[in-house]
1. Please pull out the direction-averaged projected area of the range 59-120, using the convex hull of its alpha-carbon atoms, in nm² to one decimal place.
2. What accessible area per residue comes out for the range 1-63, rounded to a whole number of Å², with a 1.4 Å probe?
3. How much of the DSSP bridge set in the chain is antiparallel, in percent, rounded to the nearest 5?
4. So, counting K/R as plus one and D/E as minus one, what does the shell of residues with Cβ under 15 Å around Gly91 add up to?
5. Once you place label points 7 Å from the Cα toward the Cβ at Glu103 and Asp119, how far apart are they in nm?
6. For q values of 0.13 Å⁻¹, compute log₁₀ I(q)/I(0) with the Debye formula on a Cα-only model of the chain, without solvent.
7. With the full set of protein chains in place, find how many percent of the accessible area of the chain is carbon and sulfur; take the probe as 1.4 Å.
8. Percent relative contact order of the chain, based on C-alpha pairs within less than 8 angstrom and at least six residues apart?
Amino acid sequence: MISGIVSDGHPIIIIPFRIPNRADFPIEFVVDTGFTDELCLPPEAVALLNLPFKYDMLVSLADNSPVMLPVHKAIILWNNEERETRVFATGRRPLIGTALLAEYELVIQFTEGGLVTIDEL
């Protein structure tokens with residue numbers, strides 16, 4: 001099970017990144033059910049973590065405008081197991097999307113300090 005809290009009205013979880021030859025690097029992510037892919041990180045964070053570039057991808061933003069975004073590869077710890085994920089280098093805040101939630105149950109107590117739990121189905 002993965003757990004977190006609601007902070008300033010946002011469901012937050014921490015995802016550890018596996019970086020070769022370094023200690024795991026935990027990052028706070030906002031659970032964004034409107035984002036249908038895996039992860040978004042600000043470009044500065046992608047560069048800091050030195051995540052390998054995979055390709056550019058045409059995506060539609062929330063306002064339905066099309067943009068090309070760089071996609072990078074990361075290894076994260078997801079439910080205590082290593083998992084390769086796609087990371088879009090965009091935005092100002094780390095986001096986790098619904099693609100990582102497939103086959104999981106998401107429960108959010110929408111109150112300040114409320115629990116966020118993500119559990120395998």
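The values are calculated or read from the model by the stated rules, or taken from the named source; none is laboratory data. Note that the structure is a prediction, hence the values are computed from the model and not measured. As a convention, Cβ positions derive from the backbone with ideal geometry for all residues, glycine included, and neighbour counts pool all protein chains shown. Note: areas computed on protein heavy atoms with side chains; ligands, DNA, RNA excluded. Shrake-Rupley method; radii C 1.70, N 1.55, O 1.52, S 1.80 Å.
1. Mean projected area for the range 59-120: 5.8 nm², to one decimal.
2. Accessible area per residue: 60 Å².
3. 90
4. So the environment of Gly91 carries a net charge of -3.
5. It works out to 1.8 nm between the two label points.
6. -0.51
7. 52
8. Once normalised by length, the contact order is 35 percent.
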